[in-house]
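Only the coordinates and a few stated rules stand behind these numbers; no lab work does. Since the model is a prediction, treat every value here as computed from it, not as a measurement. Quick reminder, even Gly has a Cβ in these numbers, built from the backbone with ideal geometry, and neighbours come from all protein chains shown.
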Amino acid sequence: MPEPRKVAIVHDWLIGGGAERVVYELHQMFPEAPIYTSYCTDEWRQKLDDKVITGWLQHWPFSHLRKYLPPLRIWYFTHLKLRGYDLVISSSGAEAKGIRVPEGTVHVNYCHAPTHYYWSRYDQYLAHPGFGPFDWLARLGLKLLVEPLRKWDYRAAQRPNYMLCNSTYTQQQIKLFYGREATVVHPPVDTARFNITAPGSRRGFVTAGRQTPYKRIDLAVEACTKLELPLTVIGAGPDHAHLLKLAGPTITFVVDASDEAVAHYFATTEAFIFPGLDDFGITPVEAMAAGTPVIAYNAGGAQDYVIPGKTGVFFDEQTVDSLCSVLKQFDLQKYHSGNIKVEAAHFDTENFQKALRKTLQDVLH
């Protein structure tokens, strides 16, 4: 498609994660576009070729609290001066979608999710605010502010000219909370990194990701402990100590696995267990890129890539018993790793760029 004359990219924050991968691919597509964000790590500034522009929040003295103070980001993003751009792409699951663009500028929002801490995961954030000894204060602040912040967030979601999203689940959430239609463009997955053939047979199960309560890794740990099945748990996070207490002798924890080691674990396991409800869930698709089937909770973004009997199987309730019943019946011989890799390739970075270019072409012409 003909490139817009001048493009800008806006993102909530750049510290690492699936949302940042979208920004990275946007940067590959529009390498001269500046990237406005509330704050950015040195690592991501380097990855994005020093195209990142930050403001006063970057230098705020209480850096560990920045993520938990949305009113500050609201002020920052609503006061950005975005003059002179033909196209502004906001990549946002929080406040960045609330930018204001001049008349004549097209604003396309790639929505990772309606803001979790106002809508679908409000109760979870209330239970686990992440402030340690100041959790009580965070709970009080969230209870007092959630209604006006929800109103602001709803209004902010009406500002983009067009909305894109990462899954059919997120598409439904956008309709529910924002009353808007959105076009699904699945996020980019580096499938080539995981497309390896490891020697030896596949054995046991694996799960991976940041260990927070909503990921429900506890279900995988408890189910495999109960059935005495080998499970490798890759990653760390605030729920780590709790998971250690739940684990029996068949559970192995790997905290600091290298990229190569993760790919090897994925390629030598019988199945990847994905027990949480996620907006999309890039890690299970990475496991599929290694030819590994996925055992997933039947909800959320997993419904876009888990094809029962072909790329994996669902369990229907977020309970240990529901997962156990599927694990008992799971038979790796029913799956063909080559077919799983083919399905995973639909989500690779090249296809993301193609789909996004086609969508931008449709909305800009």
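Some values worked out for this structure:
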{"item": "Label-zone membership for region 326-365, site residue 197, 7 angstrom Cα→C-beta point, backbone N under 11 Å", "result": "338"}
{"item": "Rg over Rh, two decimals, region 191-345 (C-alpha only, Kirkwood Rh)", "result": "0.92"}
{"item": "119, 44 arranged by Cβ crowding within 10 Å, fewest neighbours leading", "result": "119, 44"}
{"item": "Crossing angle, helix 135-157 versus the chain [Cα axis fit, 0-90 degrees, rounded to tens]", "result": "60 degrees"}
{"item": "Cα-Cα separations in the chain greater than 41 Å, expressed as whole percent", "result": "13 percent"}
{"item": "Region 149-250 pair-distance distribution - Cα-Cα, 10 Å bins, rounded %", "result": "12, 26, 25, 24, 11, 1"}
{"item": "Hits among lysines - C-alpha to C-alpha of residue 328 under 28 Å, sequence gap 8 or more where chains match", "result": "215, 226, 245, 310, 341"}
{"item": "Contour excess over end-to-end distance, with Cα ends at residue 139 and residue 332 and 0.36 nm allotted per residue", "result": "65.0 nm"}
{"item": "Least to most buried among 37, 183, 269 (fewest other Cβ within 10 Å first)", "result": "183, 269, 37"}
{"item": "Least to most buried among 317, 20 (fewest other Cβ within 10 Å first)", "result": "317, 20"}
